[in-house]
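A.B. asks: Let me begin by handing over the structure; questions about it come next.
The values are calculated or read from the model by the stated rules, or taken from the named source; none is laboratory data. Predicted model, so just to flag it, every value in this text is computed and none were measured. FYI the Cβ positions are ideal-geometry reconstructions off the backbone, even for glycines, and counts take in every protein chain you see.
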Amino acid sequence: MLFESEYHVDIPDTDLLTFLFSRTPFKDTDPIWINPANPSNHVTLAKARDLTHRIGQGYRDLGIGATWGAGKDIVLSYIENQVMVAPNNLGVICAGGIHTTCSVTATAFELARQIRLSGPKILICSPQTRKAAEEAIDRSGVDGIQLVMMVSEKLDIVDVSGKSIISDRRLAWQRVTDPVILERTPACLVYSSGTTGNPKGVVITHSNIVANLCQMAFHFDHCARKAISDGIYLRMPGVMQNAVAVGIFVQNMMCLQCGMQVYMFPKYDFPTLMSSIKKFQLSACFIVPAIWNRVVQECTREDLASIRFAMSGASPLPLPLQLKVHDMLPDGVVLRVNWGMTETVTAASQPNVTEVDREGSSGRLLPNIQAIIISPEGKKLGYKEPGELCIKGPNIIKEYFNNPEATRAAYTSDGWFHTGDIAYFNADGKLFIVGRSKELLKYKSFQVSPTEVESILGQLPGISDIGVIGVPDGEGNDLPRAYIVRSQKGKTAALSEKDVHDFLNPRVSNYKRLRGGVRFVEEIPRNLNQKIMRNVLKEWVEKEVGERSNFRARL
């Protein structure tokens, strides 16, 4: 059965920079990216436009786009969030380069691996990351990399001698309207390791980004325009790292397109975030379930009084937590849960502007997107039949960087993109994500979704985070095990393994019980998108189980 979005939006055939600067509702003097520690350190629309041209010329002078044309030369950023992140990104694209990123949490060893994978011509660091960047260049064995440093306090980018690389001349970006060229020209390269630890470079083109920005704005513009009609701009806490899709495309681009000011936090810190929401009257929150969980546990409704738009994404959000957040938000504001992946640029589904979801769905397909649900045997399924979600749309990537094998494996023979998510649609057209195909556990011919078990355990008071993984029993079964982080309340109440079993067992089928046991830990390993790194949980299991000689199933 074919599932299609009930919405359609016109997507222009134009390059990304022309699209962004022609669509923005900001006035020249309006600050867009703001340093919350020093709000006078900001970038206005006029400054952003000027920097895009002059940074573009600076990178062209360093060879970006000079020899092979647009979409060939790579510039790698290894920087914390700051106000020059977006102008730099736009300047790279102006020069005809491909902008790629590496998390500042990465070690020199990990950065060196990404250097070898992407082969950048230029590596951008900050004063805080310079030492690791220099070490990574040496480790990589890649010759000819030029190191430059971002200094946002001065709205500058300098070379290793301290000389600004931002030109006094202004490079005009290439204006493109040919859809074939737009579909083939990469603008960004985002490394998506998912939960496996094996990074893949996701090649995202001009047309992919413009399409997804239009799709996202179809719903979001309603809220942004309402704020502007009230005489204000939406204000967003920029807490997502600029190495992930939301950090790149929402904090750097959608904000410019729709009119949303972004307060760029160099690192996430919950108390600072909450105090800043009050201090700066931040009103648009794109944050992950783990942060919403802390909001519910530690904040009051008054703390969220300024919020006009709230969204959760990047990892599953249990319905009970969603409903608790609903009740804390101001009247008329609901928590919107979206679904997407790096390969869709950002989101591919979310509720419409008038919808209050209380069923645990991820909303509806965004405009111009089609989907099918397929069984393990490749059969197309219908309503309320869970299977792998496969999609088509103008925002879906066409390839992985220098990885034809992964590219071929990502698509069905008739061109549908394998998301790897297990999902279903109800008769009303809502999408429900129920797990990951590669994460499903098998116990005596039954399938167990770790996400489902985590969602149920998340309702137990005293738990702040959970990760469920399978423990092999040597007979072909995966015995579900829960790694649990106790909240302060849980520590005070001495939450025990028996308490966990007693809570879960009456709520699930027998085969979903935690036969692999419960382990209390200080932290659940999560990647930049806050998805559980189940490969790390597997390593924990392997280390403990060893030869399995001391392992015994628990009921």
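A.B. asks: Only one of (1) surrounded by fewer than 16 Cβ atoms within 10 Å (Cβ to Cβ); (2) at negative phi is not met by Tyr424, so which one is it?
C.D. replies: (1)
A.B. asks: Which residues, taken from the range 49-87, are in a strand (DSSP E or B) and farther than 18 Å from Met253 by Cβ? Give the derivation first.
C.D. replies: Step one: list which residues in the range 49-87 are in a strand (DSSP E or B), which gives 74-77.
Residues satisfying the conditions are Ile74, Leu76.
A.B. asks: Next question, about the same structure. Report yes if some residue within the range 204-224 is buried (at least 24 other Cβ atoms within 10 Å of the Cβ), aliphatic (A, V, I, L, M) and not in a helix (DSSP H, G or I); otherwise report no.
C.D. replies: For the range 204-224, residues buried (at least 24 other Cβ atoms within 10 Å of the Cβ), aliphatic (A, V, I, L, M) and not in a helix (DSSP H, G or I): present.
A.B. asks: Val356 - would you say it is farther than 30 Å from Gly201 by Cβ, among the hydrophobic types (A, V, I, L, M, F, W, C) and either in a helix (DSSP H, G or I) or out of contact with any Pro (no Cβ under 6 Å at 6 or more places or on another chain) (or both)? Don't jump to the end; show me each part of the working.
C.D. replies: Working: farther than 30 Å from Gly201 by Cβ: yes; among the hydrophobic types (A, V, I, L, M, F, W, C): yes; either in a helix (DSSP H, G or I) or out of contact with any Pro (no Cβ under 6 Å at 6 or more places or on another chain) (or both): yes.
Answer is yes for this residue.
A.B. asks: Let me ask something additional. Against the definition (under 30 Å from Gly332 (Cβ atoms) and not basic (Lys, Arg)), how does Ala406 come out, yes or no?
C.D. replies: Numbers: under 30 Å from Gly332 (Cβ atoms): no; not basic (Lys, Arg): yes.
It is false that Ala406 is under 30 Å from Gly332 (Cβ atoms) and not basic (Lys, Arg).
A.B. asks: Would the range 425-445 turn up any residue that is of a type outside the set (Ser, Thr, Tyr), over 25 Å from Ile374 (Cα atoms) and modelled with pLDDT under 90? If you could, list the steps in order and put the result at the bottom.
C.D. replies: Step one: list which residues in the range 425-445 are of a type outside the set (Ser, Thr, Tyr), which gives 425-436, 438-442, 444.
Among the residues that remain, those that are also over 25 Å from Ile374 (Cα atoms) are: none.
No.
A.B. asks: Does any residue of the range 400-412 turn out to be in contact (Cβ under 8 Å) with a residue 12 or more places away in the chain, surrounded by fewer than 16 Cβ atoms within 10 Å (Cβ to Cβ) and over 23 Å from Ser207 (Cα atoms)?
C.D. replies: no
A.B. asks: Next up: Any residue in the range 485-496 that is modelled with pLDDT under 90 sitting within a Cβ distance under 8 Å of a residue that is assigned to a loop (DSSP other than H, G, I, E, B) and among the hydrophobic types (A, V, I, L, M, F, W, C)? List the pairs, counting only those 6 or more apart or interchain.
C.D. replies: The qualifying pairs do not exist here.
A.B. asks: Looking at the range 518-541, which of its residues are over 10 Å from Gly467 (Cα atoms), assigned to a helix (DSSP H, G or I) and aliphatic (A, V, I, L, M)?
C.D. replies: Val536, Val541
A.B. asks: Within the range 506-521, how many residues turn out to be surrounded by 14 or more Cβ atoms within 10 Å (Cβ to Cβ) and not aliphatic (A, V, I, L, M)? Don't jump to the end; show me each part of the working.
C.D. replies: Our first condition is that a residue be surrounded by 14 or more Cβ atoms within 10 Å (Cβ to Cβ); within the range 506-521, this holds for 508, 511-521.
Next, only the ones that are not aliphatic (A, V, I, L, M) stay: 511-513, 515-517, 519-520.
Of the residues in that region, 8 qualify.
A.B. asks: Still on this structure, I have one more. Quick one: how many residues across the range 251-272 are under 26 Å from Asp331 (Cβ atoms) and modelled with pLDDT under 95?
C.D. replies: 1
A.B. asks: Tally the residues that are more than 11 Å from the chain's Cα centre (by Cα) and either acidic (Asp, Glu) or part of a loop (DSSP other than H, G, I, E, B) (or both), restricting the search to the range 225-252.
C.D. replies: 5
Rundown of residues vs (1) farther than 30 Å from Gly201 by Cβ; (2) out of contact with any Asp or Glu (no Cβ under 8 Å at 6 or more places or on another chain), yes/no style:
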{"site": "Leu282", "(1), (2)": "yes, yes"}
{"site": "Cys285", "(1), (2)": "no, yes"}
{"site": "Arg294", "(1), (2)": "yes, yes"}
{"site": "Ile307", "(1), (2)": "yes, yes"}
{"site": "Pro316", "(1), (2)": "no, no"}
{"site": "Leu319", "(1), (2)": "yes, no"}
{"site": "Leu323", "(1), (2)": "yes, yes"}
{"site": "Glu343", "(1), (2)": "no, yes"}
{"site": "Ser361", "(1), (2)": "yes, yes"}
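A.B. asks: May I pose another question? For Ile32, only one of the following conditions fails: (1) buried (at least 21 other Cβ atoms within 10 Å of the Cβ); (2) within 30 Å of Gly144 (Cβ to Cβ). What is its number?
C.D. replies: Looking at each condition in turn, Ile32 falls short on (2).
A.B. asks: Assess whether Ile466 counts as being surrounded by 20 or more Cβ atoms within 10 Å (Cβ to Cβ), touching a helix residue (DSSP H, G or I) at 6+ places or on another chain (Cβ under 6 Å), within 27 Å of Lys267 (Cα to Cα) and of a type in the set (Val, Ile, Thr).
C.D. replies: Numbers: surrounded by 20 or more Cβ atoms within 10 Å (Cβ to Cβ): yes; touching a helix residue (DSSP H, G or I) at 6+ places or on another chain (Cβ under 6 Å): yes; within 27 Å of Lys267 (Cα to Cα): yes; of a type in the set (Val, Ile, Thr): yes.
Here the answer is yes, as Ile466 does meet what is asked.
A.B. asks: Val202 fails exactly one of the following numbered conditions: (1) in contact (Cβ under 8 Å) with a residue 40 or more places away in the chain; (2) within 26 Å of the chain's Cα centre (by Cα); (3) under 25 Å from Ala66 (Cβ atoms). What is the number of that condition?
C.D. replies: Going through the list (1) in contact (Cβ under 8 Å) with a residue 40 or more places away in the chain; (2) within 26 Å of the chain's Cα centre (by Cα); (3) under 25 Å from Ala66 (Cβ atoms), Val202 breaks only (3).
A.B. asks: May I pose another question? Does the range 437-446 include one or more residues that are farther than 23 Å from Ser362 by Cβ, touching a residue at least 24 places away in the same chain (Cβ under 8 Å) and surrounded by 15 or more Cβ atoms within 10 Å (Cβ to Cβ)? Talk me through it step by step, then tell me what you get.
C.D. replies: From the range 437-446, those farther than 23 Å from Ser362 by Cβ are 442-446; that's our starting set.
Pick out the ones that are also touching a residue at least 24 places away in the same chain (Cβ under 8 Å) and you get 442-444, 446.
With surrounded by 15 or more Cβ atoms within 10 Å (Cβ to Cβ) added as a condition, the list becomes 443.
Scanning the range 437-446, I find at least one residue that is farther than 23 Å from Ser362 by Cβ, touching a residue at least 24 places away in the same chain (Cβ under 8 Å) and surrounded by 15 or more Cβ atoms within 10 Å (Cβ to Cβ), so the answer is yes.
A.B. asks: Additional query: Residues being surrounded by 21 or more Cβ atoms within 10 Å (Cβ to Cβ) and out of contact with any Phe, Trp or Tyr (no Cβ under 8 Å at 6 or more places or on another chain): count how many of those fall in the range 369-384. First the steps, then the outcome.
C.D. replies: Within the range 369-384, the subset surrounded by 21 or more Cβ atoms within 10 Å (Cβ to Cβ) is 369, 371, 373.
If we keep only those that are out of contact with any Phe, Trp or Tyr (no Cβ under 8 Å at 6 or more places or on another chain) too, we end up with 369.
The qualifying residues number 1.
A.B. asks: Within the range 150-162, can one find any residue that is of a type outside the set (Gly, Ala, Ser) and under 19 Å from the mean Cα position of the chain (by Cα)?
C.D. replies: From the range 150-162, those of a type outside the set (Gly, Ala, Ser) are 150-151, 153-160; that's our starting set.
Now drop any that are not under 19 Å from the mean Cα position of the chain (by Cα), which leaves none.
No: the range 150-162 contains no residue that is of a type outside the set (Gly, Ala, Ser) and under 19 Å from the mean Cα position of the chain (by Cα).
A.B. asks: Check every one of the helices (runs of 4 or more DSSP H) wholly within the range 93-188 and list those with 1 or more residues that are within 23 Å of Met240 (Cβ to Cβ), touching a residue at least 24 places away in the same chain (Cβ under 8 Å) and hydrophobic (A, V, I, L, M, F, W, C). Don't jump to the end; show me each part of the working.
C.D. replies: Numbers: elements: 108-118, 130-140, 179-184.
Helices (runs of 4 or more DSSP H) meeting the threshold: 108-118, 130-140.
A.B. asks: I'd like to know if the range 32-40 contains one or more residues that are of a type in the set (Val, Ile, Thr), outside the structural domain of Pro199 (by the TED database) and in contact with a helix residue (DSSP H, G or I) (Cβ under 8 Å, 6 or more places away or on another chain). Don't jump to the end; show me each part of the working.
C.D. replies: Looking only at the range 32-40, we keep the residues that are of a type in the set (Val, Ile, Thr), and these are 32, 34.
Filter once more, keeping what is outside the structural domain of Pro199 (by the TED database): 32, 34.
So of that shortlist, the ones also in contact with a helix residue (DSSP H, G or I) (Cβ under 8 Å, 6 or more places away or on another chain) come out as 32.
Among the residues of the range 32-40, at least one is of a type in the set (Val, Ile, Thr), outside the structural domain of Pro199 (by the TED database) and in contact with a helix residue (DSSP H, G or I) (Cβ under 8 Å, 6 or more places away or on another chain), which makes the answer yes.
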